[in-house]
Amino acid sequence: RPLAASPPQMIKSRSAISTAVGVHAARHRSLKAHQQWAPIDSQLNARIICRSNNNLTHQPAPEYPKMRVWAVSDLHTDYKANLEWCEKLSTSRYQEDTLIVAGDVSDNLETLKSTLALLAARWRHVFFTVGNHDLWCRKLDRDRFNSISKLAAINELCADLGVHTTPCKVGGVWVVPLMSWYHADWDRESDVVGALPAHKMMVDFHACTWPRPDLNADDTSLALYFDAMNDEPLWPLLSDLSLPSQLGKAITDGSAEHLGIEQQSQQQQQQSRQEEQVFNQLLQQMKFVDANRDSISGRSPPGPQQRSPRSLDVGRTERSPSNCAGSSAADGRADPSSGSQAPKSGSQDPKMAERPPVITFSHYLPYQELLPEKRMLRHPNLAKAVGSDPLAARVQTLRPDVHVFGHTHFSWDASLRGTRFVQWPLAYPAERARSGREEGWQPLLVWDSTGGGGSGATPATHPYWSRHYAAHPRRPHDVTPAPWCCVR
């Protein structure tokens, strides 16, 4: 139900939803398939659940049709040179603009806080979603955190700084963080013989710690777990785009209810009777993803969508995300169109021309076409730790004008399935030196409606790999390694 149509008493009766929508991106609720996880969950609930926000309002925020959106990823400010780069950014150029930070700032909370504070002082709005490095738990931190409780701490930190971790409509443009995690079978291209296994080259497999053994990187459990965090925040966006709130009940109906971490209370005994049903539902969701993987990822001829993202609405009155206003979209069984991309603003489809611009972003990749072929990678099995099918389904459903991603440290700017996909990583100092990047390198301007003309689309850049695949088709079944590949 659109927020404007909800009476004030209904808003008050949905205090739990208002709380969840107001500040944080972590929309976890407990699977509760086994009661022994309750003590773990109860220690986290005060931090993973969104703090109450008494200033929420159902009044529509004013629109600002002129705006600019910049993007960057993989700041890695654990490196002194990268933190100095942030400090040198102009303190006046971006004051009315928006910045997207697509994950991987620092595994140290103090460094993460100081970096985001630097950025928040330079941009009017800063949007952030976590990457794998941000959720690392070093040995000294493991008495305080696992990766999920650290996510809660990061969300609180962002709320204190006024950094958005949930979708906001700013200047008439939806800016939408999408939570995600990778899974190995997202990779469907032929393997390079002798390549190092992903778990031996990725620090994540021992630096990220999870509160339950049913969450691990060996299957799709983490991908589904993180994807479920998107459900409630997406409600108002889907309402604004006139999309159904349920796009394939088989995958995510109730996933936010059962895959996250919820406050443990006296209701737990009543809910325990539903545990077996909930656990079986999770298994069915995983089986559905496995059975429909190609259709979800968009790699086969498009078929009916089988997905159910939801959305969240935010205004631009102040920097703080506490001015977000959320509502539930109208429920109903979806009758979605095929997986083909809808035309953008200015095209022949009047419905798409009327919809507001949408910029989504994630740390991980939705499609394998956004990664060089495995024979071209230094570590070919990197492909097994970079992408997410549930993320691809979110992007397919939302059909954004622009999607920003990170993680792989390959600059990218290409159109695919009707969306412009951009990666603009600061990356490691040694990587910048090898690439010969110019000294004055800045975040990339991905949206600019200040010049008039009715469109905010900015000219495409032409990074190396984007140019390469614009001129040469992918040959994913060619497994002859390039000279720089690390193979045995």
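By accessible area, using a 1.4 Å probe on protein heavy atoms only, the stretch 162-239 has 56% of its surface on carbon and sulfur. TRP484 contributes an accessible area of around 130 Å² to the protein surface, as traced by a 1.4 Å probe with all chains present.
The length gained by stretching the chain between ARG434 and LEU109 to full extension, at 0.36 nm per residue less their Cα-Cα distance, is 114.1 nm.
Could you calculate the contour length gain from ALA121 to GLU354, that is, 0.36 nm times the residue separation minus the distance between their Cα atoms, to one decimal place in nm?
Values: separation 233, 0.36 × 233 = 83.88 nm, distance 3.37 nm.
Separation in residues times 0.36 nm, less the Cα-Cα distance, equals 80.5 nm.
Here the spin labels are modelled as points 7 Å beyond Cα on the Cα-Cβ line, and at VAL487 and SER92 they lie 5.5 nm apart. Here the stretch 146-217 and the stretch 436-484 have alpha carbon centers that stand 23 Å from each other. Just to confirm, what accessible area per residue do you get for the stretch 380-462 at 1.4 Å probe, in whole Å²? Accessible area per residue, the stretch 380-462: 35 Å². How many percent of the accessible area of the stretch 351-470 is carbon or sulfur, using a 1.4 Å probe? Here it works out to 53 percent.
Residue-wise HN-Hα couplings along the stretch 460-474, as the Karplus relation 6.51 cos²θ - 1.76 cosθ + 1.60 with θ = phi - 60° gives them from phi, are 6, 8, 9, x, 4, 5, 5, 5, 4, 7, 6, 9, 10, x, 5 Hz; Gly and Pro carry x. For the pair ASP185 and LYS80, the difference between a 0.36 nm per residue extended length and the Cα-Cα distance amounts to 34.2 nm.
The values are calculated or read from the model by the stated rules, or taken from the named source; none is laboratory data. None of the values given here were measured: they were computed from a predicted structure. Note that we place each Cβ from the backbone using ideal geometry, even for glycine, and neighbour counts take in every protein chain shown. Heads up: the accessible areas ignore ligands, DNA and RNA and are worked out on the full protein's heavy atoms, side chains in. Shrake-Rupley method; radii C 1.70, N 1.55, O 1.52, S 1.80 Å.
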